[in-house]
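S.K.: After the structure tokens below, expect a handful of questions from me.
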Amino acid sequence: MTDYAIIPQPISVVGTGDSFELVENTQIHLVGDSAQLTQISAYLQQLIQNATSFDLQTNTETEPGEGAIVLALDPSLSVGNEGYQLDITKQSIKLSASSEAGLFFGIQTLRQLFPAELEIKSQVSGVKWRIPTGIITDSPEYAYRGAMLDVARHFFSVEDVKHYIDLLAFYKMNMLHLHLSDDQGWRIEIKSWPNLTTIGGSTQVGGGKGGFYTQEQYKDIVAYAQERFITIIPEIDMPGHTNSALASYGELNPGITVPKEHSVKVDRAALGVEGLDPLASELYTGIVVGFSTLATDKEITYQFVDDVIRELAEMTPGPYIHIGGDESHVTEMKDYIPFINRAQEIVAKYGKTSIGWDEIAHATLLPGSVAQYWAVAENAKMAVDQGAQVIMSPATKAYLDMQYDSTTVLGLHWAAYIELDSAYNWEPTAMVDGIGKSNILGIEAPLWTETITNRSELEYMVFPRITAIAEIAWVPKESKDWDSYKKRLIDHGKRWELMGINYYKSPLVDWGK
Ligand code: TNX
């Protein structure tokens, strides 16, 4: 196993110098009793079938024969909640874990050990499907390994989101935070407040037609993610970043002014909303932040928040709801604090835990609430002083919408230019004085989409930096190694070519031809 190229780097890899060859009659043997086990083996079966065209048979009754891939769920195994062990010999592959999630992550490692051609979606001939023998023991450093996609500034289709989920799963990420609302668009159907999508979802940055997920589509995304051991975290950003809601319901609007440039009159007749409250704001298609706020002094606002959170919670099996809370520049602090306090209570009432951007630390955090550090270290420290855990998303390191350098066409650079080495070489426990390992729930890399309009652009900003973030979230700091990572990345570049993924060929990596 000298030239394996696994990202994130497993905790321990011991090679034994031989190889296992996958052939047509290799079987998948399941040990353990769990419906999810069958689903995991179907996932592996499909993964292998695409390129090899082998239709591997699964069995549970008999002893594994020669040449089997064994997936063993063994609750007594001490590899941690999400850990796994891979024992590869010339005769067989044995993947064991104490949880289904561990098995799933182990499959991602296995997948990366095969020739890169495994990632081709149609039959490939002339490849020997061999993998090196050895023993791998592995488990993650952080429980929360996430990415965020802003579907509010530009809308992304269900298919695009699923595609992103597949790519995150490949790197053992387990959280996808969806930024579902912002000034420019409201992207999730709320049945009790239908204008949110008919009006609020009708446009996006630059004035495109926008879009939204029906509740059925959202549930479909959630289920797809769940099968890949990824939790969806829905965000409704409040009380700022709410113009799309204010344009949909005048009663929520305290009378804010939409920046003239890029403000768009709601076409009441075309959208079929003639009775719209005259206080409703205009739609907004620009990228200025910080001009909007909900009317925090009106009871109707809390009815609105309650309805939205209730409907969201009903279709979100994961434990978290993100309430935003960032850049509420036109909400006075005396109004902001009670608003965030009440929003957290509403989230708790529906059985969920709140996450908010670091500004929410100004409020009184409910036990369990999580603050997401992006900009202001003092806020993150205030959250920790209240007993909260923190998600690390420093804009200067983890923001996937930041340009790589001054020549990058897409993206912004208000926080920094983030070349690959900068995305890789930072240490979560060294970012904020007084915030250490036990205060950190995990790491998240947000992709804001003011300038990102489609799948190919998304991929270009995400790859390769997301792999640096995945490695920081999975690997203990002592084992992180920039030179080793750079070398392993070459193999991943090859895989991305075969997967048709558009990526930034950082000059720091020797990608080959
Ligand atoms: C700041 S990050 C924002 C977003 C923008 C982003 C662009 C955060 C909590 N707020 O509204 O999209 O910068 O990089």
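S.K.: Anything in the stretch 358-410 that is part of a loop (DSSP other than H, G, I, E, B) and within 14 Å of the ligand (Cβ to nearest atom)? List them, or say none.
M.R.: If the condition is that a residue be part of a loop (DSSP other than H, G, I, E, B) and within 14 Å of the ligand (Cβ to nearest atom), then W374, A375, V376, S393, P394, Y399, L400, D401, Q403, T408, L410 are the ones that fit.
S.K.: Give the stretch 234-257 a look and list any residue that's open to solvent by 20 Å² or more (accessible area, probe 1.4 Å) and under 24 Å from E359 (Cα atoms), or say none.
M.R.: Selection gives P254, G255, I256, T257.
S.K.: What single numbered condition from (1) out of contact with any Ser or Thr (no Cβ under 7 Å at 6 or more places or on another chain); (2) small (G, A, S); (3) within 16 Å of the ligand (Cβ to nearest atom) fails to hold for A473?
M.R.: All conditions are met except number (3).
S.K.: Applying the selection to the stretch 363-375, what residues are farther than 25 Å from E427 by Cα and either crowded, with 16+ Cβ neighbours inside 10 Å or hydrophobic (A, V, I, L, M, F, W, C) (or both)?
M.R.: Selection gives A363, L365, L366.
S.K.: Out of S328, S281, I need the residue that is crowded, with 23+ Cβ neighbours inside 10 Å, within 16 Å of the ligand (Cβ to nearest atom) and outside any helix (DSSP H, G or I). Which one?
M.R.: Residue meeting the stated conditions: S328.
S.K.: Can E141 be described as out of contact with any helix residue (DSSP H, G or I) (no Cβ under 7 Å at 6 or more places or on another chain) and either open to solvent by 10 Å² or more (accessible area, probe 1.4 Å) or within 22 Å of V370 (Cα to Cα) (or both)?
M.R.: When the stated conditions are applied, E141 does not pass them.
S.K.: Return yes or no: is V205 at pLDDT below 95, touching an Asp or Glu at 6+ places or on another chain (Cβ under 6 Å) and within 16 Å of the ligand (Cβ to nearest atom)?
M.R.: For V205, the condition - at pLDDT below 95, touching an Asp or Glu at 6+ places or on another chain (Cβ under 6 Å) and within 16 Å of the ligand (Cβ to nearest atom) - is not met.
S.K.: Now for a separate question. Does I287 satisfy being surrounded by 23 or more Cβ atoms within 10 Å (Cβ to Cβ), under 30 Å from V370 (Cα atoms), in contact (Cβ under 8 Å) with a residue 40 or more places away in the chain and within 29 Å of the chain's Cα centre (by Cα)?
M.R.: For I287, the condition - surrounded by 23 or more Cβ atoms within 10 Å (Cβ to Cβ), under 30 Å from V370 (Cα atoms), in contact (Cβ under 8 Å) with a residue 40 or more places away in the chain and within 29 Å of the chain's Cα centre (by Cα) - is not met.
S.K.: Which of the residues that make up the stretch 331-362 are open to solvent by 40 Å² or more (accessible area, probe 1.4 Å), of a type in the set (K, R) and touching a helix residue (DSSP H, G or I) at 6+ places or on another chain (Cβ under 9 Å)?
M.R.: R342, K349
The values are calculated or read from the model by the stated rules, or taken from the named source; none is laboratory data. Treat the numbers as computed from the prediction; the structure is a model and nothing was measured. When we count neighbours, we look across all protein chains shown, and the Cβ atoms used for this are built from the backbone with ideal geometry, even at glycine. Keep in mind that these areas ignore ligands, DNA and RNA; they rest on the heavy atoms of the full protein, side chains included. Shrake-Rupley method; radii C 1.70, N 1.55, O 1.52, S 1.80 Å.
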